[in-house]
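The values are calculated or read from the model by the stated rules, or taken from the named source; none is laboratory data. Here the structure is a predicted model, which is why all the values come from computation and not from measurement. All Cβ positions, even for glycine, are placed from backbone atoms using ideal geometry, and neighbour counts span all protein chains on display. Each accessible area value is taken on the protein alone, full model and side chains, heavy atoms only, with ligands, DNA and RNA left out. Shrake-Rupley method; radii C 1.70, N 1.55, O 1.52, S 1.80 Å.
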Amino acid sequence: MLPEPFAIGLLGFVLLYAAAQVALAARLARVPPDVAGLPDAELPPVAVLVAARDEAAKLPCCLAALAALDYPPDRLTILIADDGSTDATPELLAAFAVGHPNRRILLISEQLGRAVGKGNALAHLIAATDAELLACCDADIAVPSTWARALVAEAARTGAALVVGTTLIAGEGGLASAQRLDWLRALATLRVATALGRPFTGMGNNQLLRRSAYYATGGYEALPFSVTEDFQVFQELTRRGYRTTHLLDAAVLAWSAPAASWAELVRQRRRWLRGLLTGLTPRLAVAAAAEALVLPALLALAGGGWWHWALLGWGAKVAAPAALLRVARQRLGLPPIGIGEVLRQEAYLLSLAVVLPLATLWPGKVRWKGREL
């Protein structure tokens, strides 16, 4: 049996974690609605940028959403990079651009400076436009028709160099549902952090970037390589005193395809964690440690003979994030979250807590879109 002082410490840590989640929920409930509109006459030119590589299965949804954007056509340019695709992506992009002068396809065949992978494709896209406002999404993302208008309005309202939207995971099944709740809680936390003036990341699959601020960092062609290029640019902007804001609003709510299997999910999270470790800040380190250790703390309590305390801590650990999820989903106009979804996510989080540390530390390069990075 665990010594009682140690067991009390473990329970205290879990309850402190739960209290932090409740505090986040209470703070999010006090954040005013995000989106304010701009009349058409005040909307500036905006370029939508998409980097695509072997996305034929997911690209049609993205292209249909971009075609439906509610933005004056004479001030909207859509630039998509075909980054060496070997599937039907080139044909889909060519059909999308036919008959639309404001839609352009770039074929990526060379490297700009130090830029690699997706960063290289984005560097080419940014160099191909003189628009100051750059709305970026991934090729597996479906954005709402209000997306560009809402991001631009937020940039105009705040003067921010980086405006982060809201992205959730679409799809049916337990794994997709668990990913959706995972993303929802992370983005709710990011919205609170931004309200407190302490944003901690960008999100390259759904964001608006000021071109002048991007080039002030040197751009991907000058920055050191990172497997998480959006996090790297966010950090560079922050170091130079540029502002980042985040919208948690249905007007910028985009839907992403889920990681379809556990193997794909672990590869995705391994890439993210590798990138995070290269730019880890004390605040992020504390948050990441708390997330990683709360479930092991409960297991240690249970295994150490303190079952009643473990059950108490687990109940608090489940209920507190559920409160944050409730506020976030109400803000986005999403349906209620069932208890079954919450319990499945607990199993999902436990699995990640066991697997991800090993996967992150496992030697070898990260694979992304068939490339080793």
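A few points about this structure:
- Residues of the range 2-41 that are of a type in the set (Gly, Ala, Ser) and surrounded by fewer than 18 Cβ atoms within 10 Å (Cβ to Cβ): Gly9, Gly12, Ala19, Ala20, Ala23, Ala26, Ala29, Ala36, Gly37, Ala41.
- Looking only at residues of the range 148-204 that are in contact with a Lys or Arg (Cβ under 6 Å, 6 or more places away or on another chain) and either of a type outside the set (Val, Ile, Thr) or without any contact (Cβ under 8 Å) to a residue 40 or more places away in the chain (or both), we find that the one that is surrounded by the fewest Cβ atoms within 10 Å (Cβ to Cβ) is Gly174.
- Here Gln268 qualifies as within 30 Å of Ala150 (Cα to Cα), open to solvent by 40 Å² or more (accessible area, probe 1.4 Å) and either in a helix (DSSP H, G or I) or touching a helix residue (DSSP H, G or I) at 6+ places or on another chain (Cβ under 9 Å) (or both).
- Residues located in the range 208-219, provided they are open to solvent by 10 Å² or more (accessible area, probe 1.4 Å) and under 19 Å from the mean Cα position of the chain (by Cα): Arg210
- When restricted to residues that are among the hydrophobic types (A, V, I, L, M, F, W, C) and over 16 Å from Thr146 (Cα atoms), the range 30-40 contains 1.
- Tyr242 being open to solvent by less than 10 Å² (accessible area, probe 1.4 Å), at pLDDT 95 or above and of a type outside the set (D, E, K, R): no
- Candidates Ala139, Ala121, Ala115, Ala160: the one that is within 24 Å of the chain's Cα centre (by Cα), over 27 Å from Thr86 (Cβ atoms) and among the aliphatic types (A, V, I, L, M) is Ala160.
- Tabulated pairs, the range 292-307, first within 14 Å of Glu346 (Cβ to Cβ), second basic (Lys, Arg), C-beta under 7 angstrom, 6+ apart or interchain: Val294/Lys317; Leu298/Lys317
- Residue tally, condition closer than 19 Å to Val233 by Cα and either buried (at least 18 other Cβ atoms within 10 Å of the Cβ) or of a type outside the set (A, V, I, L, M, F, W, C) (or both), over the range 82-129: 17
- Long-range neighbours under 7 Å by Cβ, at least six apart or interchain, first residue over 23 Å from Cys61 (Cβ atoms) within the range 249-275, second small (Gly, Ala, Ser): Val266/Ala359; Arg270/Ala359; Gly275/Ser226
- Qualifying residue in the range 333-345 (condition: basic (Lys, Arg), under 18 Å from Ala176 (Cβ atoms) and surrounded by 16 or more Cβ atoms within 10 Å (Cβ to Cβ)): yes
- Residue satisfying condition, being of a type in the set (Val, Ile, Thr), in a loop (DSSP other than H, G, I, E, B) and in contact with a helix residue (DSSP H, G or I) (Cβ under 8 Å, 6 or more places away or on another chain), within set Thr129, Thr86: Thr129
- Residues in the range 51-75 that are surrounded by 22 or more Cβ atoms within 10 Å (Cβ to Cβ) and in contact (Cβ under 8 Å) with a residue 60 or more places away in the chain were compared, and the one that is farthest from Leu38 (Cα to Cα) is Glu55.
- Of the residues making up the range 222-261, those that are of a type in the set (Ser, Thr, Tyr) and within 10 Å of Ala161 (Cβ to Cβ) are Thr238, Tyr242, Thr244, Thr245.
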